[in-house]
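Novice: Okay, here's the structure, questions in a sec.
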Amino acid sequence: MEQAVDSGASVLSDALAGSFLIGALRVFWLLSTTLVVLGVLPFGFYQRFLRKSAGRGKLRVVEKVDPGAKKGPLARLWDVTVPQDYFSHFYLVGFMSTLGLIHHTFYPENFRFWPSPSDTPQPKKPHPFAEGFEHAESIFLLALMLVHTARRLCESTMLEKHAPGSRMHIASYVYGLCYYVAAPLTLYVHRSKKVKTVWGLFSWHEVLGGLLFIFANIKQHQLGQILAGLRHRSGPFDKIPVYRIPRGDWFEWVACPHYLAEILLYLGLVVVSEGKDLTIWLMFSWVVANLTYAAQLARRWYVTKFEDYPKERKAIVPLLF
Ligand SMILES: NC(=O)c1ccc[n+]([C@@H]2O[C@H](COP(=O)([O-])OP(=O)(O)OC[C@H]3O[C@@H](n4cnc5c(N)ncnc54)[C@H](OP(=O)(O)O)[C@@H]3O)[C@@H](O)[C@H]2O)c1
């Protein structure tokens, strides 16, 4: 009897911890998206704040410094930037968090979000891939994220060539680190009951979403190769122009097709979840808002920087935007 009460209390505390985590993630995604969407409002001060904190690489805002001006500690902190190479830290954090969460799904007893009321043995779990096991889709989503972060980790350390002095704002760096903990957590808290399965393993929406995810990853890798190729010309690296107009593939249609591919791969995750998980939708909304904002800044930058830039190229959605 006592054991049953303890076990019931443990289940309740886990449920409370789960609800708290889901609530916190939803607030995080909503706040993040709102901060970017507010940038379309005509508030010059806020637009400058957003551009400075979000700008990286070619879009970084470099302010003229008055050598005589004295700055307080907060203002000096606001000027801190880190090398653009630190982008790889995001994927390392994303990979490690995803791996840790997959492990936790299999062995939850190793770490509890909420202290267990006693050492009562937990009821035996079903096999992770047993029919109706509500964590199976979460494991699949996390596995996709693992592939994505591993791929991006390799690319950002071995393929990407940043311009000398390419940097990002400290706010972007800190946010990016939080993002790559929040995104795997969002997939980790996903729950579903399988109904129809393909080969007894996957639902149709999981197969479709998974294929879209893989296609978008391959496409993004090809587009990344084109960008890296712009800096792989013969001759000394510092003799070639730092930035060029990317050409070929989806670059003929939009300025930032690699951002479009990123949106498609997150759409793949929404499809895997059958569009039934609000937290995954909110994460997707943030990715769309953030990358659409960055793409329109990039397009504007290309148009002002290169006279021969094809003006008909849209920012991120072919023919539309
Ligand atoms: N999930 C999300 O919310 C999210 C958010 C942001 C980014 N991302 C992803 O992270 C990846 C990198 O993003 P990013 O914003 O750093 O992309 P980016 O600014 O387009 O830069 C990507 C790489 O290409 C170089 N590059 C860009 N334009 C170039 C040009 N015209 N000529 C020569 N080289 C050029 C950059 O060099 P420099 O560093 O020297 O500029 C950098 O090495 C993308 O695949 C994006 O989808 C995802």
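Novice: Shape verdict for the stretch 18-90, please, from the Cα gyration tensor: rounded (a/c under 1.5), prolate (a/b greater than b/c) or oblate. Could you put the intermediate results ahead of the total?
Specialist: Details: a/c = 2.07, a/b = 1.65, b/c = 1.26.
It comes out prolate by the Cα gyration axes.
Novice: While we're on this one: Quick check: net charge around VAL272, other residues with Cβ under 9 Å of its Cβ, Lys/Arg +1 and Asp/Glu -1? Working shown, then result.
Specialist: Details: positive: none; negative: GLU137, GLU206, GLU274.
So the environment of VAL272 carries a net charge of -3.
Novice: Please compute the length gained on full extension between ARG76 and VAL174, using 0.36 nm multiplied by the number of residues separating them and subtracting their Cα-Cα distance. Please report the intermediate quantities before stating the final value.
Specialist: Numbers: separation 98, 0.36 × 98 = 35.28 nm, distance 1.64 nm.
Length difference between fully extended and current span is 33.6 nm.
Novice: For the residues GLU160, GLU63, GLU262, GLU134, what sequence is obtained by ranking on other C-beta atoms within 10 Å, fewest first? Please report the intermediate quantities before stating the final value.
Specialist: Working: GLU160 17, GLU63 8, GLU262 23, GLU134 12.
Ordered by Cβ neighbours within 10 Å, fewest first: GLU63, GLU134, GLU160, GLU262.
Novice: Going by how many other Cβ atoms sit within 10 Å of their own, how do ASP277, ASP85 line up, fewest first? Write out the running numbers ahead of the final one.
Specialist: On the way: ASP277 24, ASP85 14.
Ranking ASP277, ASP85 by Cβ neighbours within 10 Å, fewest first, gives ASP85, ASP277.
Novice: Taking the Cβ of each residue in VAL254, VAL36 as the centre, tally the other Cβ atoms inside 10 Å and list the residues starting with the fewest.
Specialist: Working: VAL254 22, VAL36 19.
Fewest to most other Cβ atoms nearby, the residues stand as VAL36, VAL254.
Novice: Amide H neighbours of HIS190 under 5 Å, at least 5 residues apart or on other chains, H built in the peptide plane: list them.
Specialist: Excluding prolines and chain starts, which carry no amide H, there are no hits.
Novice: State the extension gain, in nm to one decimal, for the chain segment bounded by GLN47 and GLN225, taking 0.36 nm per residue of separation less the distance between their alpha-carbons. Show your work: numbers first, answer last.
Specialist: Values: separation 178, 0.36 × 178 = 64.08 nm, distance 3.19 nm.
60.9 nm is the gain from fully extending GLN47 to GLN225.
Novice: Follow-up question, since we're still on this one. Translational diffusion coefficient, Stokes-Einstein: compute it for the stretch 218-321 using the Kirkwood radius over C-alpha pairs as Rh, at 4 °C and 1.567 mPa s, and state it as an integer in µm² s⁻¹.
Specialist: Values: Rh = 15.0 Å.
Approximately 86 µm²/s, per Stokes-Einstein.
Novice: Testing the spin-label approximation: label points 7 Å from Cα along Cα→Cβ at ALA69 and ARG26. State their distance in nm.
Specialist: Distance between the two pseudo-spin positions: 4.3 nm.
Novice: Going highest first, how would you order 176-186, 309-319 by mean Cβ packing within 10 Å? Mind showing how you got there, number by number?
Specialist: On the way: 176-186: 20.4, 309-319: 14.9.
Packing order, densest peptide first, comes out as 176-186, 309-319.
Novice: Could you pull out the pairs from LYS64/LYS305; LYS58/LYS311; LYS276/LYS314 whose alpha carbons sit more than 22 Å apart here? List each step's numbers first, then the result.
Specialist: Working: LYS64/LYS305 19 Å; LYS58/LYS311 19 Å; LYS276/LYS314 31 Å.
Those over the limit are LYS276/LYS314.
Novice: Let me ask another. On full extension of the chain, what length is gained from LEU211 through THR304, given 0.36 nm per residue of separation minus the C-alpha to C-alpha distance?
Specialist: Numbers: separation 93, 0.36 × 93 = 33.48 nm, distance 3.77 nm.
Length gained, LEU211 through THR304: 29.7 nm.
Read-outs: derived from the displayed coordinates by stated rules, not from any lab. Treat the numbers as computed from the prediction; the structure is a model and nothing was measured. Virtual Cβ from ideal backbone geometry, glycine too; neighbours counted across all protein chains shown.
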